[in-house]
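Student: Handing you this structure, nothing more for now.
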Amino acid sequence: MADRIYVIAGKDESLVGAKAQELVDSLLDPQQRMTALLSIDGDEAVVSEVLDELRTLPFLADKRVVLVRKADGFVSKYREILERYCEKPAPTGVLILAVAGWDARTRLAKKLPKVGSVVTLEPPPKWKLPEHLVQHAAGQYKVKLNRDAAEMLVELVGEELAQLYNELEKLTLFARDEKVIRADHVEALIGHHRIYDAFEVIDATIAGNAGQAIKRLRNMFEEDKSAEYSVVGAFAFHLRRMFQARVLLDKRTSPVEIAKQLRIWYNKDRFFAQLQRITLSQIAAFLEELAAVDYATKTGQAQAAVAIEQLVLKLASGSPR
């Protein structure tokens, strides 16, 4: 017998939501959803209405699907009724429960395998995020996201899936006439102002102008509420590109060729002027300090805005050696 109940469990709401939508898409054709799908938040759902919907014969479809989002409270409140429903589920109804957690020790959990299944989701680690976004773009939007574009997206936006999905959706609209989403799309839509802001802060820092650097840094946080999650990535992206460019310059590669290889589209003259004022070892030291800030913020030992400001003050008072 096909599954009549699905539980999708995971702490990342965006990941759970995407999986629930993927499951709905596999169960119902788009034209069937108007008459055969009920999607409702758990705090608004009444169990009698949910079960009535599941037991009603489908119209213009072979099944009815009920998706209960954020269903943890719903499951707790109506657990005994759901246990009884597991014993005799509707033959043409499919219930999807999207929850943050699922306790395998409960009677409901033990009854479920006879009539359904549990999908447990964990956010991918950072090193797998680009691959995950490539797959998500293909599955959700039927577009190809280049690997380097996915890596840049993670670098600039951070590791929060909800934010990454949101920016990816914007990118599909931005590049809707293109068959492939490339790194230059990401830089143009998402990265340009963040990279530019990071460039200006680093420029003032290298020059030893602490006041100007701090002013520009604070403007980043005031103008972009998501900067708390993306500021380290924006600095790291720019510094790594500086490091690569400095290596190539030291090998006597021409600035024109470097700009082409590293996709430096904006502020090329200022970028190379900036490079002339900093050594490879200084850039490496800057990146090491930034990695320490990244670890401190992710482990709750520091706030991003405060930690970055302290780093800028430290480096502006005496550039890393």
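Student: Kindly establish whether Ala9 is farther than 19 Å from Arg107 by Cβ and among the hydrophobic types (A, V, I, L, M, F, W, C).
Tutor: In short, no.
Student: Now a separate question. Cβ-Cβ distance below 6 Å, separation of 6 or more or different chains: which pairs start in segment 289-306 with a residue that is within 17 Å of Lys126 (Cα to Cα) and end on one that is assigned to a loop (DSSP other than H, G, I, E, B)?
Tutor: If the second residue must be assigned to a loop (DSSP other than H, G, I, E, B), the pairs left are Ala296/Ala302.
Student: Suppose the filter is basic (Lys, Arg), outside any helix (DSSP H, G or I) and within 18 Å of Val201 (Cβ to Cβ); does Arg277 pass it?
Tutor: yes
Student: Here's a follow-up. Take the conditions farther than 30 Å from Leu171 by Cα, touching a helix residue (DSSP H, G or I) at 6+ places or on another chain (Cβ under 8 Å), surrounded by fewer than 13 Cβ atoms within 10 Å (Cβ to Cβ) and not charged (D, E, K, R) and apply them to Gly93. Does it pass?
Tutor: It is false that Gly93 is farther than 30 Å from Leu171 by Cα, touching a helix residue (DSSP H, G or I) at 6+ places or on another chain (Cβ under 8 Å), surrounded by fewer than 13 Cβ atoms within 10 Å (Cβ to Cβ) and not charged (D, E, K, R).
Student: For segment 305-317, check the following and say yes or no: at least one residue is farther than 18 Å from Glu155 by Cα, assigned to a loop (DSSP other than H, G, I, E, B), over 27 Å from the mean Cα position of the chain (by Cα) and at pLDDT 85 or above.
Tutor: The answer is no, given that none of the residues of segment 305-317 is farther than 18 Å from Glu155 by Cα, assigned to a loop (DSSP other than H, G, I, E, B), over 27 Å from the mean Cα position of the chain (by Cα) and at pLDDT 85 or above.
Student: For segment 279-293, indicate whether the set of residues that are in the same structural domain as Thr205 (by TED's automatic domain parsing) and within 18 Å of Phe221 (Cβ to Cβ) is non-empty.
Tutor: yes
Student: Do we find that Leu54 is assigned by TED's automatic domain parsing to the domain that holds Glu83 and over 24 Å from the mean Cα position of the chain (by Cα) in this structure?
Tutor: Yes; evaluated as a whole, the condition is true for this residue.
Student: When you scan segment 164-180, do you find a residue that is at negative phi, surrounded by fewer than 17 Cβ atoms within 10 Å (Cβ to Cβ), touching a Leu at 6+ places or on another chain (Cβ under 7 Å) and not in a loop (DSSP other than H, G, I, E, B), even just one?
Tutor: Yes: one or more hits.
Student: Give segment 1-29 a look and list any residue that's surrounded by fewer than 20 Cβ atoms within 10 Å (Cβ to Cβ) and more than 29 Å from Glu160 (Cα to Cα), or say none.
Tutor: Met1, Ala2, Asp3, Asp29
Student: Filter segment 237-258 for residues that are of a type outside the set (D, E, K, R) and either modelled with pLDDT under 85 or part of a loop (DSSP other than H, G, I, E, B) (or both); which is surrounded by the most Cβ atoms within 10 Å (Cβ to Cβ)?
Tutor: Among those that are of a type outside the set (D, E, K, R) and either modelled with pLDDT under 85 or part of a loop (DSSP other than H, G, I, E, B) (or both), it is His238.
Student: Here is a further query. Could you list, in sequence order, the residues of segment 44-75 that are in contact with a helix residue (DSSP H, G or I) (Cβ under 6 Å, 6 or more places away or on another chain) and among the charged types (D, E, K, R)?
Tutor: Those that are in contact with a helix residue (DSSP H, G or I) (Cβ under 6 Å, 6 or more places away or on another chain) and among the charged types (D, E, K, R): Arg64, Lys70.
Matching residues to (1) in contact (Cβ under 8 Å) with a residue 60 or more places away in the chain; (2) in contact with a Cys (Cβ under 9 Å, 6 or more places away or on another chain); (3) within 14 Å of Gly233 (Cβ to Cβ); (4) surrounded by fewer than 18 Cβ atoms within 10 Å (Cβ to Cβ):
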position: Gly116; (1), (2), (3), (4): yes, yes, no, no
position: Pro125; (1), (2), (3), (4): no, no, no, yes
position: Ala149; (1), (2), (3), (4): no, no, no, no
position: Glu155; (1), (2), (3), (4): yes, no, yes, no
position: Gly158; (1), (2), (3), (4): yes, no, yes, no
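Student: Let me ask something else. Can you name the number of the only condition in (1) under 14 Å from Leu95 (Cα atoms); (2) small (Gly, Ala, Ser); (3) surrounded by fewer than 20 Cβ atoms within 10 Å (Cβ to Cβ); (4) at pLDDT 95 or above that Ala71 fails?
Tutor: (3)
The values are calculated or read from the model by the stated rules, or taken from the named source; none is laboratory data. Since the model is a prediction, treat every value here as computed from it, not as a measurement. Note that each Cβ is placed from the backbone with ideal geometry, even for glycine, and that neighbours are counted across all protein chains shown.
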